[in-house]
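Notes to accompany the following structure.
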Amino acid sequence: SGTVQVRLLDTPLLDQDGKTVRFASGAVGEKVVVVNTFFTTCTLICPILGAIFADLQDQLGDRLGREVRLISITVDPQTDIPPRLKKYAEQWEAKPGWLFLTGGKKDVDQVLEGLGLYSADFTEHPSAFLVGDGRDGKWTRFYGFATPEQLMGKVGELLSGRKAGGR
């Protein structure tokens with residue numbers, strides 16, 4: 001894992017309810033966020049990533065949605081339209097504060113490129129998590145399967161960094 005530079009684009013995307021959400025100002029906003037990528041027809045890696053987020057959701061408790069947001073972005077926006085995302089979110093018992101995002105292919109690709117998560121062949125998408133603070137722009141990338149504990153540790157660090165900074 002390491003500190004990375006990301007570009008947060010304020011591209012309009014769609015969430016699992018079909019609502020338009022601007023990525024930088026709406027999805028990330030002022031929150032501490034954990035981002036991953038997936039596609040609903042993926043049977044190998046994505047279920048593991050989903051399980052890690054489901055676990056993280058439990059560990060976050062009432063901080064989810066309030067201080068922290070989980071963001072799962074599909075790498076196959078042509079297939080993964082909002083109703084599909086909605087069904088997928090239900091499989092994981094996703095609570096408010098866990099966003100599933102799709103949109104026009106060009107829009108989604110641009111957002112993923114800005115995050116360093118784009119891959120021309122979506123089936124080869126990198127297994128990675130980004131943890132960042134939308135307010136101060138500190139981002140860390142975890143490659144492979146980070147544990148919920150590792151991700152939670154970084155989230156905790158960012159949250160306590162804010163308190164220390166008197167914000």
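The values are calculated or read from the model by the stated rules, or taken from the named source; none is laboratory data. Computed from a prediction, not measured in an experiment: that's the story for all the values here. Glycine also receives a Cβ, built like all others from the backbone with ideal geometry; neighbour counts cover every protein chain displayed. Remember, those area values only see protein heavy atoms, side chains included, never the ligands or the DNA or RNA. Shrake-Rupley method; radii C 1.70, N 1.55, O 1.52, S 1.80 Å.
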Screening 98, 92, 139 for residues that are surrounded by 21 or more Cβ atoms within 10 Å (Cβ to Cβ) and in contact with a Gly (Cβ under 7 Å, 6 or more places away or on another chain) leaves only 139
Checked region 10-49 for anything in contact with a strand residue (DSSP E or B) (Cβ under 9 Å, 6 or more places away or on another chain) and assigned to a loop (DSSP other than H, G, I, E, B); matches are 10, 11, 15, 16, 29, 30, 31, 39, 40, 45
Is one or more of the residues making up region 16-30 open to solvent by 30 Å² or more (accessible area, probe 1.4 Å) and at pLDDT below 95? yes
Checked pairs for region 6-18, first touching a residue at least 12 places away in the same chain (Cβ under 8 Å), second open to solvent by 30 Å² or more (accessible area, probe 1.4 Å) and among the hydroxyl-bearing types (Ser, Thr, Tyr), C-beta under 8 Å and 6 or more apart or across chains, list as 10/25; 12/20; 13/20; 14/20
Taking region 50-85 and the residues there that are within 20 Å of residue 114 (Cβ to Cβ) and not in a loop (DSSP other than H, G, I, E, B), the one that is most open to solvent (accessible area, probe 1.4 Å) would be 69
Pairing a residue in region 152-163 that is open to solvent by 20 Å² or more (accessible area, probe 1.4 Å) with any residue that is assigned to a helix (DSSP H, G or I), where Cβ atoms lie under 7 Å and the two sit 6 or more apart in sequence or on different chains, gives 152/56; 152/59
query = Hey, any hits in region 31-46 for a residue that's without any contact (Cβ under 8 Å) to a residue 40 or more places away in the chain, open to solvent by 50 Å² or more (accessible area, probe 1.4 Å), aliphatic (A, V, I, L, M) and over 13 Å from residue 74 (Cβ atoms)?
reply = yes
